[in-house]
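Each value in this text was obtained by applying a stated rule to the coordinates, not by laboratory testing. On a predicted model such as this, the values are computed, not experimentally measured, just so you know. All Cβ positions, glycine included, derive from the backbone under ideal geometry; neighbour counts span all protein chains shown.
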Amino acid sequence: MENDDLPVGRVLSRREVLGLLGLSGASFLAACAPEVPTSIELDRLNIAQSTQVTAAENTTQVPSCVVQPELAEGPFYVDADFNRSDIRSDPATGLLKEGVPLHLQILVSQVSAAGCLPLENARVEVWHCDAMGVYSGVSDRGVDARNQKFLRGYQTSDSAGKVAFTTIYPGWYSGRCIHIHFKVHYDGIDASRVFVSQLFFDDTLSDEVLSQAPYTERGARNTLNSQDRIFDPRLILEAGRGEDAYAASFNLGIQFD
C-alpha cells in the first residue's frame, strides 16, 4: 500500500517548451488562458498556473499548458467505463459516499509544433479513495469493495478541452498523501495514446477538510506532501472553499509522441 505508485515519464523543460512552440519574445496564444469556474465562489482559486522563465533564461512567460509530469496509475485502477460527471455514488446501489463535496475541473491542452491548443474529445478518467481511505473495485486492507464502483468515472473533453466532475474530497491511507488519480485517453477508448498522472492538494487545505466529519473518524493522517515520495508540487490543484462545497481546477498540458 505504501509503495502503490512509482514516477514515470518525463517533463519538458521551459527551454524545450519555448523551442517546441517556436516562441521568442512574442505573446502567447490566448487559448491557453484557463476558464474560471462560475458554479462556486472560491476564496483561494487562481488557475492561471502559468510559469515565469527566470531572468537568466528569458523574460518570456511559458504558456499555462506547459507539459505536466506523468506518474504511474498505481494498483487500484479499474476500467469501470462509467460515463458520468457525478462520481460519488455506487452505480449498483445509488448510495452516495459521505464526504465534503468537491467540484473538480480539468482543462486539457496538447502542446505540439502547431502550438498550444485545447484537446477536444479526450476521455478523462478519475478515481480516488473515499473519506476512510478505501478504493472501490478492489479488496485491500481487510475491506472487500470489489463489487462497488464509487468515486470512479470519466468525461469527454469539450471544444475548450474541459471536463468537470462532482465528487468528494479524498481521504488518506498509510504511506500516501491525499491525491486523485487520472488517465487521459485520446483517439478513442482503446487508443494507444494515454497519459496517466495524479493530482494533489495543499496540506493546509487538507487539514481543514480532515477536521470535519466523516474524516475525523479516520484519525490523523501519517503522510504529508513532503513525506510522500510520489508527490510533485507541479501537480497541486488550485482549490478553495465556497458556500456549500470546495472547488478545484487544473491546467494539463500533454505532449503525445
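Do you know the relative contact order of the range 104-197, to the nearest whole percent, from alpha carbon pairs under 8 angstrom that are 6+ apart?
Averaging sequence separation for qualifying contacts and normalising by length gives 34 percent for the range 104-197.
A simple spin-label model places pseudo-atoms 7 Å from Cα toward Cβ; at VAL143 and GLU98 they are separated by 1.2 nm. On the beta carbon distance between MET132 and ASP187, with R0 = 25 Å, the FRET formula returns roughly 0.10.
If you take every DSSP beta bridge whose two residues both sit in the range 61-160, what share of them, in percent to the nearest 5, is antiparallel? Around 90 percent of the beta bridges assigned by DSSP in the range 61-160 are antiparallel ones. Residue separation of ALA160 and ALA114 scaled by 0.36 nm, minus their Cα-Cα distance, works out to 14.9 nm of gained length. Relative to its Kirkwood radius, the Cα radius of gyration of the range 121-219 gives an Rg/Rh of 1.01.
Label-to-label distance for ASP244 and PHE82 is 2.2 nm, based on points extended 7 Å past Cα in the beta-carbon direction. Scanning residues 5 or more positions from GLU238 or on other chains, those with amide H under 5 Å from its amide H are SER249, with H placed 1.01 Å from N in the peptide plane.
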